[in-house]
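Here's the structure, in structure tokens; my notes come after.
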Amino acid sequence: MKMGPNEGWNDFEIKEEPFYLPQGNEVELFKAAYEERLPVILTGPTGTGKTRLVEYMAWRLGRPLFTVACHDDLSANDLTGRYIVKGDEVVWIDGPLLMAVKKGGILYLDEIVEARKDVTVVIHPLTDHRRYLLVEKLGCIWRAPDEFMMVLSYNPNYQSVLKELKPSTRQRFVSINLGWPREELEVSILEHEAGVDVETALNLVRAANRIRHLVHEGLEEGVSTRELVYAGKLIARGVPLGEALRSTLIFPLTHDEDLKRAMEEVLKNYFSFA
């Protein structure tokens, strides 16, 4: 059996500064947690900048970032690594968690509640004073260097009782909540990210804030900043206004015809389209 080469470390480095406008003191809190070797969990609605914050902090701290989009089939073995057959040999390939520990990087588990339960078992020893990773298949323990950091994220409003983090896991983390950005901040984001003028950006944000109130009337989740950026990009590209708005701010959010009509009426208060 041979160990696979740890090639391509540069692929995990954030080489250019990601655009990120802080909502509050989340940058300082994240940095303090990193310096104290504390794990962080990011919570908040979809599309509020959780992933962008992690990318920005990885760049700022100068650490490689290993991002894993969690799903129902994600297991502990997927994170630590596995044996594969390569030609006539059996080769061990490191998973992203083991790579992050070895390299002293940031491991980011996006939507952690979607992963299988054994994932939390393998990460627990890395989230307290022990800071080690046990890889049973190799019979080895790796001690995480000071530079290693564990970051999780999930949307509490989206989870059912069956998909919720246990208190024993949540209480191991410093929690940072990201909500919808303030109006002036979200306008600045749209101007930069979507390339629209300030009037269009302001109308998009104000319409989004009105639509977000429909969450109390049956809408599962409000318009995300990401969706506003998509709408702005389509508008800037010259896509017909009605088509751009419906395809980004209505259709992805609901299949309910009454809610669709209500959302369209909101948008028509700020934009003229057929």
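Label-point separation (nm) for SER272 and ASN157, each offset 7 Å from Cα along Cα-to-Cβ?
Simple spin-label model gives 3.3 nm for this pair.
If I take every Cα pair under 8 Å that is 6 or more residues apart in the chain, average their sequence separation and divide by the length, what percent do I get for the relative contact order?
So the answer I get is 20 percent.
If I model a spin label as a point 7 Å beyond the Cα along the Cα-Cβ vector, how far apart are those points for HIS71 and ASP88 in nm?
Modelled inter-label distance: 3.6 nm.
Return VAL121, VAL27, VAL187 ranked ascending by Cβ neighbour count within 10 Å, so the fewest neighbours appear first.
VAL121, VAL27, VAL187
I need ASP146, ASP94, ASP88 ordered by Cβ neighbour count within 10 Å, fewest first.
Ascending Cβ contact count within 10 Å gives the list ASP88, ASP146, ASP94.
What Rg and what Dmax come out for the range 1-138 when only alpha-carbon atoms are used, in angstroms?
16.0, 55
Using 0.36 nm times the number of residues separating HIS192 and ASP256, minus their current alpha carbon distance, what extension gain do you get?
Gain in length upon complete extension: 19.8 nm.
Which FRET efficiency, nearest 0.05, do VAL239 and GLU217 yield, Cβ-Cβ r, R0 25 Å?
Taking R0 as 25 Å, the efficiency between VAL239 and GLU217 is 0.30.
Could you calculate, for the chain, the ratio of the Cα radius of gyration to the Kirkwood radius, expressed as Rg to Rh?
Looking at the chain, the ratio lands at 1.03.
Output the Kirkwood hydrodynamic radius of the range 183-268, Cα pairs only, in Å rounded to one decimal.
One decimal place: 12.6 Å for the Kirkwood radius.
Among the chymotrypsin sites (Phe, Trp or Tyr not before Pro) in the range 1-110, which ones are in a DSSP loop with at most 15 other Cβ atoms within 10 Å of the Cβ? Mind listing them?
PHE19
Where does the charge balance sit around ALA144 when Lys and Arg score +1, Asp and Glu -1, over other residues with C-beta under 12 Å from its C-beta?
Net local charge, ALA144 excluded: +3.
Exposure proxy check: CYS140, CYS70 ranked by fewest other beta carbons within 10 Å?
The order, fewest Cβ neighbours first, is CYS140, CYS70.
Read the figures in this text as sums done on the coordinates, not as results from a lab. Being a predicted model, the structure only gives us computed values, none of them experimental. Backbone-built Cβ (ideal geometry, glycine too); neighbour counts: all protein chains shown.
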